[in-house]
1. Which entries of LYS145/LYS289; LYS65/LYS234; LYS95/LYS336; LYS131/LYS209 show an alpha-carbon separation above 22 angstrom in the structure shown?
2. Tell me, what is the FRET efficiency for TYR257 and ARG133 to the nearest 0.05, using R0 = 22 angstrom and their Cβ-Cβ distance as r?
3. Rounded to a whole number, what % of the accessible area of the stretch 8-106 do carbon and sulfur atoms account for, probe 1.4 Å?
4. About the Cα centre of the stretch 254-316, what is the dipole size in debye to 20, counting +1 per Lys and Arg Cβ and -1 per Asp and Glu Cβ, all else neutral?
5. Only four residue types carry charge here, +1 at the Cβ of Lys and Arg and -1 at the Cβ of Asp and Glu. Report the dipole size of the chain about the Cα centre in Debye, rounded to the nearest 20.
6. Expressed as a rounded percentage, what relative contact order does the stretch 221-336 have, with Cα pairs under 8 Å and six or more residues apart?
7. Mean separation of Cα pairs under 8 Å and 6+ residues apart, divided by the residue count of the chain: what relative contact order is that in percent?
8. Taking the Cα atoms only, what angle lies between the long axis of helix 185-197 and the longest principal axis of the chain, rounded to 10 degrees?
Amino acid sequence: MKIAIHHTPNSQSFSGRWVDYCKKNNIDYKIVNAYDTDIIDQVADCDAFMWHYHHNNYKDALFAKQLLFSLQQSGKRVFPDFNTGWHFDDKVGQKYLLEAIGAPLVPSYVFYTKNEALKWVETTEFPKVFKLRGGAGATNVRLAKTKRDANRLIKRAFGKGFSQKDFIYFFKDKCNKYRNGTSSFKDVLKAFGRIFVGNQFAKMHAPEKGYAYFQDFIPNNLYDTRIVIIGGQKAMVERRYVRQGDFRASGSGKFEYVKADDKMLQIAFNVARSLSLQSVAFDFIYNEKEPMIVEMSFGFGTHGIVHCGGYYTKDLEWHNEAEPDFCGWMIEDIIK
């Protein structure tokens with residue numbers, strides 16, 4: 001087997017780890033450029049194509065899913081394949097998918113007209129969590145504490161809409177991380193500059209609008225639990241603590257590695273295998289003692305999970321491993 005890999009020179013990208021695994025295990029591979037117009041010709045002599053595309057890259061958002069599915073239709077193995085990637089960075093799509101299979105999703109609500117959304121506000125309880133369909137690291141997530149907050153968000157959602165990136169939130173988050181010692185002063189300055197100049201993604205994409213998406217706010221969660229399942233066979237676990245004075249854990253940079261809840265693990269394995277997912281990171285919280293999925297993603301940050309100290313197999317048995325080679329597992333899954 002020969003594997004084509006689009007390489008992104010970024011420490012959070014899977015691609016560098018894929019290349020290292022191929023070299024170490026004498027697996028035939030070639031580096032290709034997914035952005036080239038002749039990418040189909042570039043991968044013609046390969047059996048598989050792997051690309052860890054990124055939600056924050058406007059080019060990736062434009063065509064990554066289309067290219068991968070086209071190659072899958074031609075008979076090549078791809079990562080991520082259609083089942084794994086179609087719902088990436090799409091919380092609305094994930095709502096429908098998880099509800100359809102009866103997975104324990106945090107109760108979620110989506111509306112496509114302003115009037116329907118405003119009527120719902122009059123019948124529901126608060127607070128609620130308002131989200132845009134895309135975004136990671138807790139960006140594009142707001143807490144609607146009251147009806148007034150929700151009405152304001154709904155009117156904007158069906159009016160001028162929301163910028164794809166909340167740079168003021170991003171700046172405040174970097175300031176908090178700098179105070180906590182998890183970010184540099186250079187990062188703070190860069191985030192401040194983004195308020196005025198934006199970035200390519202925000203400039204290339206129209207404002208997000210035309211729908212309103214909410215989830216129930218589940219109180220008393222000081223952390224969420226991320227469970228990463230690869231190939232439906234192995235799971236890694238990390239606990240992510242919420243930011244100080246906030247309710248969001250994603251992107252906080254505060255990790256802990258503890259024994260997983262067996263019920264939570266079983267849910268993660270069952271959903272991953274039911275949906276035939278090559279790779280998935282589930283974010284769980286508790287509703288009292290019941291684990292519930294907040295959202296899911298084929299791609300995930302590597303800096304935290306790599307230090308989890310081992311992995312679980314589908315029989316829920318723990319295996320010690322200082323730094324699990326989860327990207328190698330992805331290669332193995334493609335080959336088998």
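1. LYS145/LYS289; LYS65/LYS234; LYS95/LYS336, as the Cα separations exceed 22 Å there.
2. The computed FRET efficiency comes out at 0.10.
3. 50 percent
4. Numbers: 6 positive and 8 negative charges, 33 e Å.
Here the stretch 254-316 has a charge dipole of around 160 debye.
5. For the chain, the charge dipole is close to 1580 debye.
6. Computed value for the stretch 221-336: 28 percent relative contact order.
7. Computed value for the chain: 17 percent relative contact order.
8. Compared with the principal axis, the helix lies near 70 degrees.
The values are calculated or read from the model by the stated rules, or taken from the named source; none is laboratory data. Just so it is clear, the model here is predicted, and its values are computed rather than measured. Backbone-built Cβ (ideal geometry, glycine too); neighbour counts: all protein chains shown. The protein model used for the area step is the full one, side chains on, heavy atoms only, and it has no ligands, DNA or RNA in it. Shrake-Rupley method; radii C 1.70, N 1.55, O 1.52, S 1.80 Å.
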